[in-house]
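Here is the structure we will look at, set down as structure tokens.
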Amino acid sequence: MEREIVIRVSGVDLPGTLSVPGGAPVLVLFAHGSGSSRLSPRNRAVAGELSRGGIGTLLIDLLTAEEDADYETRFDIDLLGDRLEAIVRWAGAQPETRDLAIGLFGASTGAAAALRVAARLGDRIEAVVSRGGRPDLAMESLPRVAAPTLLIVGGEDHAVLPLNVAAYRALRCRKELEIVAGATHLFEEPGTLQEVSALALHWFRTHAPRPEPK
């Protein structure tokens, strides 16, 4: 069910992990945060829960190892967004995924990239979820996001919580802000990541189109 792939984007090879359960209505692309990767145990845990719930997932590195070593590149939202958009288009051209709707799950700076892509692609994006994200880094794009958007942030993430509140106010789409009590930025506290996974699964299930009967 799960397999490793490589997607070539703008002359660089980006590794990913693809899982498409039978009958999946949507493929969720994971955009990782600065300094993280597709091997992030937190995003893999969320992706695993989505997969068990019948949702397709693609964990993909938006930067090469060399690029990720550059602190400034990690915060290059234009670059991250361009590559994520290219991966959305790649998914739309593959026999295995071209008939699936697309959802986006962003963490940290990846959330800004996801929201920027959602603003560009309109109804091509079915839903967006941000976990401990920096949606404020895409503030100018937020009023143009049409996809239903869920912002999840830890109640003890004192630096990022107010940024999410400001982003929530800027969004004009269907939206929710879920504050996970007792959680800090990485959701390392017992039970908090499971709550994130449950919230994300419910959001994508709610907003994903149901597959037509054959």
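The residues of the range 3-30 that are touching a residue at least 12 places away in the same chain (Cβ under 8 Å) and over 22 Å from Ala65 (Cβ atoms), listed by number, are Ser19, Val20, Pro21, Gly23, Ala24, Pro25, Val26, Leu27, Val28. Exactly one residue out of Ala69, Ala47 is touching a strand residue (DSSP E or B) at 6+ places or on another chain (Cβ under 6 Å) and either of a type in the set (Ser, Thr, Tyr) or over 21 Å from Leu121 (Cβ atoms) (or both), and it is Ala47. In the range 31-46, the qualifying residues are those that are under 13 Å from the mean Cα position of the chain (by Cα) and open to solvent by 50 Å² or more (accessible area, probe 1.4 Å), and the one that is modelled with the highest pLDDT is Arg44. Helices (runs of 4 or more DSSP H) fully within the range 96-214 that include at least 3 residues being at pLDDT 95 or above and under 22 Å from Thr17 (Cβ atoms): 109-121, 192-207. Residues that are crowded, with 17+ Cβ neighbours inside 10 Å, touching a strand residue (DSSP E or B) at 6+ places or on another chain (Cβ under 8 Å) and among the acidic types (Asp, Glu) occur in the range 55-62; there is at least one. The residues of the range 125-145 that are closer than 22 Å to His202 by Cβ and surrounded by fewer than 24 Cβ atoms within 10 Å (Cβ to Cβ) amount to a single one, Glu126. Within the set Ile55, Ile77, the sole residue that is among the β-branched types (Val, Ile, Thr) and modelled with pLDDT of 95 or more turns out to be Ile55.
Say we look at the range 72-94 and pick out the residues that are of a type in the set (Lys, Arg) and more than 14 Å from the chain's Cα centre (by Cα); which of these is nearest to Gly122 (Cα to Cα)? Step by step, filter the range 72-94, then rank; the result is Arg89.
The values are calculated or read from the model by the stated rules, or taken from the named source; none is laboratory data. Remember, it's a predicted structure, so these values are computed and weren't measured experimentally. Positions of Cβ are backbone-derived with ideal geometry, glycine not excepted, and every protein chain shown enters the neighbour counts. Only protein heavy atoms, including side chains, enter the accessible area calculation; ligands, DNA and RNA are left aside. Shrake-Rupley method; radii C 1.70, N 1.55, O 1.52, S 1.80 Å.
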